[in-house]
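S.K.: After the structure tokens below, expect a handful of questions from me.
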Amino acid sequence: MVIYMEPLILKLGKCMNPTLLLLGQSFSLSAKIVGALFLAYVYWKHKRKPALYWSLSWIAAAFSVVSDIIESLHALSLSEAFWAMFLFYGVIVLLEEEGIGSKQLGILSTIPPIISIYGILLGILDYSSDWFVVLGLPYAVSALFIMFSGAIIIYVRKIYNHRALYLGTVLLIYGLHELDFPITRRVDWFTPIGFTFGAIFSIVSAYVMIKFVFAEEFIKPERPSVKTYVHPGVVLISLTEYSSMKDELKDIPVLAFVRDSKVPKAWNTFFISTVEVRHSISPTNLAFIIDTSVRYLKEAKNKGFGGVIIIDCPEYLKTYNGFESLAKFFASLKDFTSLYGGTLILVIEKGAWDERELQILKRILV
């Protein structure tokens, strides 16, 4: 099989000094590797899953540069697709962790690699040797997903302030620049201009993303400015006690999973509901509560204080999960709370539990 496509490096060589080309590729590759390492560190240190997927995205982007150097069109198509896939999926996970979106949307991130593989298969099976089918179209679709990622990050700027605006804007422009690839890649005079823009965007976007993931809004929580008087361990309280405790903890960065909408502004609150609204989670998504709680407790300990977790609707959770599943969930949450020196506060309405259930809860929790 012969694919009648001019090698990328040969085409670039017509209009650029090979030394300058290699230098620019080296800068771009270095920026992407450094970005991947910093993002991997943030995931290792703070267990923020978006940082893990973004780290993988920069690794894929680094492979894209290598693929260009070794003149592998198929590898270039795939690496660009996986770059867009991991970047977009990380953004979806970010939304899910903030209680804004659903992780199910992550299935959309598979579109770029699917289109890339499809185009490569068409070339391998001799159904098409067209450059646009094998590389141009998959590259353009990947660019669109980079743009979508930037637009979504701009959407969460109210949570992450100006850093989200900067990162989203850079990714949006970067994706827009990548989108012109199928049109301008084979235009001799534009090649040095496009390559220079690409190298600059790689460096700037890596820098801005590193700044984003090291921001306090991303890492969370902040050390409380006032002393807490709650003791480590598990505390079972009534609704009446909960009302007074909300006032006592109003200035503490509590992690709260609630049905009550009237909670202090300082709390990091997730509303447990079957309706998908901002900062809501499904009552059956106990794994999300565990993951978020562990990340919060670990970060609180790193900042020198014991985290406080409040769940004000155990009865609601029991309705959707059953008592046995809920008891196992509370036992796991207690173990993590004890491990990191935190406090777990459960608001119990005794009338909603039978005597046997209350005894089991007290035995495994207190």
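The values are calculated or read from the model by the stated rules, or taken from the named source; none is laboratory data. Because the structure is predicted, anything quoted here is derived from the model rather than measured. Don't worry about glycine lacking a Cβ; one is built from the backbone with ideal geometry, like all the others, and counts go over all protein chains shown. Each accessible area value is taken on the protein alone, full model and side chains, heavy atoms only, with ligands, DNA and RNA left out. Shrake-Rupley method; radii C 1.70, N 1.55, O 1.52, S 1.80 Å.
S.K.: Could you pull out the residue among Phe214, Phe195 that is at pLDDT below 80, buried (at least 19 other Cβ atoms within 10 Å of the Cβ), under 27 Å from Leu56 (Cα atoms) and of a type in the set (Phe, Trp, Tyr)?
M.R.: From the options Phe214, Phe195, the qualifying one is Phe195.
S.K.: Here is a follow-up. Tell me the residue from Glu299, Glu324, Glu276, Glu315 that is under 23 Å from Ser102 (Cβ atoms) and of a type in the set (D, E, K, R), please.
M.R.: Sole residue among the options that is under 23 Å from Ser102 (Cβ atoms) and of a type in the set (D, E, K, R): Glu276.
S.K.: Further question on the same structure: Search the range 122-168 for residues being part of a loop (DSSP other than H, G, I, E, B) and of a type in the set (D, E, K, R), and hand back the single one that is farthest from Leu95 (Cα to Cα).
M.R.: My answer is Asp126.
S.K.: Which of the residues that make up the range 280-290 are open to solvent by 30 Å² or more (accessible area, probe 1.4 Å) and either basic (Lys, Arg) or touching a residue at least 60 places away in the same chain (Cβ under 8 Å) (or both)?
M.R.: none
S.K.: Now, a different point. Identify, by number, the condition in (1) open to solvent by 10 Å² or more (accessible area, probe 1.4 Å); (2) touching a residue at least 40 places away in the same chain (Cβ under 8 Å); (3) assigned to a helix (DSSP H, G or I) that Gly119 doesn't meet.
M.R.: Among (1) open to solvent by 10 Å² or more (accessible area, probe 1.4 Å); (2) touching a residue at least 40 places away in the same chain (Cβ under 8 Å); (3) assigned to a helix (DSSP H, G or I), the lone unmet condition for Gly119 is (1).
S.K.: I've got another one for you. Suppose we filter Phe63, Phe88, Phe82 for residues that are modelled with pLDDT of 90 or more, under 20 Å from Gly198 (Cβ atoms) and within 14 Å of the chain's Cα centre (by Cα); which single one remains?
M.R.: Every option except Phe88 fails the conditions.
S.K.: Looking at Lys318, Lys362, can you tell me which residue is of a type in the set (D, E, K, R) and surrounded by fewer than 17 Cβ atoms within 10 Å (Cβ to Cβ)?
M.R.: Checking each option against the conditions leaves just Lys362.
S.K.: For the subset of the range 91-112 comprising residues that are in contact with a Lys or Arg (Cβ under 6 Å, 6 or more places away or on another chain) and in contact (Cβ under 8 Å) with a residue 60 or more places away in the chain, which member is farthest from Leu78 (Cα to Cα)?
M.R.: Ile100
S.K.: Condition (residue is open to solvent by 30 Å² or more (accessible area, probe 1.4 Å), in contact (Cβ under 8 Å) with a residue 60 or more places away in the chain and more than 23 Å from Ser243 (Cβ to Cβ)) applied to the range 303-314: is it met by at least one residue?
M.R.: Yes; the residues of the range 303-314 include at least one that is open to solvent by 30 Å² or more (accessible area, probe 1.4 Å), in contact (Cβ under 8 Å) with a residue 60 or more places away in the chain and more than 23 Å from Ser243 (Cβ to Cβ).
S.K.: Which pairs do you get when a residue that is more than 15 Å from His231 (Cα to Cα), found in the range 331-357, comes within reach of a residue that is among the polar types (S, T, N, Q) and assigned to a loop (DSSP other than H, G, I, E, B), reach meaning Cβ atoms under 7 angstrom, with the pair 6+ apart or on two chains?
M.R.: Matching pairs, first to second residue: Ile348/Ser238.
S.K.: Please pick out the residue among Thr240, Thr274 that is modelled with pLDDT of 85 or more, hydroxyl-bearing (Ser, Thr, Tyr) and over 30 Å from Gly175 (Cβ atoms).
M.R.: Residue meeting the stated conditions: Thr240.
S.K.: Let me ask something additional. Does Glu71 satisfy the criteria of being assigned to a loop (DSSP other than H, G, I, E, B) and modelled with pLDDT of 70 or more?
M.R.: yes
S.K.: Another question about this same structure. Working only within the range 234-252, note down all residues that are out of contact with any strand residue (DSSP E or B) (no Cβ under 6 Å at 6 or more places or on another chain), open to solvent by 20 Å² or more (accessible area, probe 1.4 Å) and not in a helix (DSSP H, G or I).
M.R.: Across the range 234-252, the qualifying residues are Ser238, Lys250, Asp251.
S.K.: Return yes or no: is Phe181 of a type in the set (Phe, Trp, Tyr), surrounded by 18 or more Cβ atoms within 10 Å (Cβ to Cβ), in contact with a Lys or Arg (Cβ under 8 Å, 6 or more places away or on another chain) and modelled with pLDDT of 65 or more?
M.R.: no
S.K.: Scanning for something aromatic (Phe, Trp, Tyr), open to solvent by 70 Å² or more (accessible area, probe 1.4 Å), within 18 Å of Val134 (Cβ to Cβ) and without any contact (Cβ under 8 Å) to a residue 24 or more places away in the chain, does the range 45-63 turn up at least one residue?
M.R.: Scanning the range 45-63, I find at least one residue that is aromatic (Phe, Trp, Tyr), open to solvent by 70 Å² or more (accessible area, probe 1.4 Å), within 18 Å of Val134 (Cβ to Cβ) and without any contact (Cβ under 8 Å) to a residue 24 or more places away in the chain, so the answer is yes.
S.K.: Thr343: out of contact with any Phe, Trp or Tyr (no Cβ under 9 Å at 6 or more places or on another chain) and surrounded by 18 or more Cβ atoms within 10 Å (Cβ to Cβ), yes or no?
M.R.: Yes: the conditions hold for Thr343.
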